[in-house]
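Just so you know, all these numbers are worked out from the coordinates, no wet-lab data involved. Bear in mind the structure is a predicted one, so any value in this text is a computation, not a measurement. Positions of Cβ are backbone-derived with ideal geometry, glycine not excepted, and every protein chain shown enters the neighbour counts.
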Amino acid sequence: MSYFELERNISIELLDPAMAKDVFKLIDNNRHFLSQWLSWPAFTKKPSDFESFALAQQQLFDEGKGMTFIIRFHDHIVGVAGFNEIIQDRQLATVGYWLAEHAQGKGIITTVCRELIRIAFEDLNLSKVQLSAAEHNVSSRRVAERLGMAYEGCISHAENVNGNILSHAVYGLLKPTADVNRT
């Protein structure tokens, strides 16, 4: 499980530290855009910073605690998505992602998240996928809604992003179960 061709020229591939320079270039070109909702771009100042992240994600993958993919659109890297956490004893995966500004509004993240949900339920046999988005990040909240995720509530003061205290809207999706009582 390292590469998935999805639809409409969208694919995901397990993050490899060798991709650090290419992904860093994308981050650097989208730094201002990404910094609206994410704190880490300010700390990702050189390719080796992202390489360190990629190595840490590889370790989490090896331990079964995370899974991070690069996103390609027409064979160009346009973002990163995956499971920030996989918590086996709670049968839960938390989804996280970011996408370059020029790739917004094309359905890429919704398509990728559908695949992540499939992986969580079918391949990892988890029972819940959760997504948190800044309360005022309308685009990310719409992704969760398009995926059929239920709004579970808002956590105030969830994150400090460049001096702005953000609340998080939390969405969840439970694995569908077969109704054994149906005839």
Checklist line | Relative contact order (percent, whole number), the stretch 3-174, Cα cutoff 8 Å, 6+ residue spacing | finding: 18
Check: Could you name the lysines in cross-link range of Lys65, using Cα to Cα under 21 Å and dropping any fewer than eight places away on the same chain?
Finding: Lys128, Lys175
Check: Under 16 Å Cα-Cα from Lys46, which aspartates and glutamates qualify once same-chain neighbours fewer than 8 residues away are excluded?
Finding: Asp22, Asp28
Next item on the list: Rounded, prolate or oblate: pick one for the stretch 39-127, where a ≥ b ≥ c are the square roots of the eigenvalues of its C-alpha gyration tensor, a/c under 1.5 means rounded, and failing that, prolate if a/b is larger than b/c, else oblate.
Entry: oblate
Notebook entry, point to check: How would you classify the chain from its alpha-carbon gyration tensor, with a ≥ b ≥ c the square roots of the eigenvalues: rounded for a/c under 1.5, else prolate if a/b is greater than b/c, otherwise oblate?
Noted result: prolate
Check: Helix 47-62 versus the longest principal axis of the chain: what angle, 0 to 90°, nearest 10, using Cα atoms?
Finding: 20
Notebook entry, point to check: How much net charge surrounds Ser167 when only other residues with a Cβ under 14 Å from its Cβ are counted (Lys, Arg +1; Asp, Glu -1)?
Noted result: -2
Next item on the list: Compute the signed sum of charges (Lys and Arg +1, Asp and Glu -1) over the other residues within less than 12 Å, Cβ to Cβ, of Ile12.
Entry: -1
Notebook entry, point to check: What 222 nm value per residue comes from the helices of the chain, counting each DSSP H run with n ≥ 4 as -39,500 (n - 2.57) and dividing by all residues, nearest 500 deg cm²/dmol?
Noted result: -8000 deg cm²/dmol
Margin query: Can you tell me what share of the DSSP beta bridges in the chain is antiparallel? A percent to the nearest 5 is fine.
Written below: 90
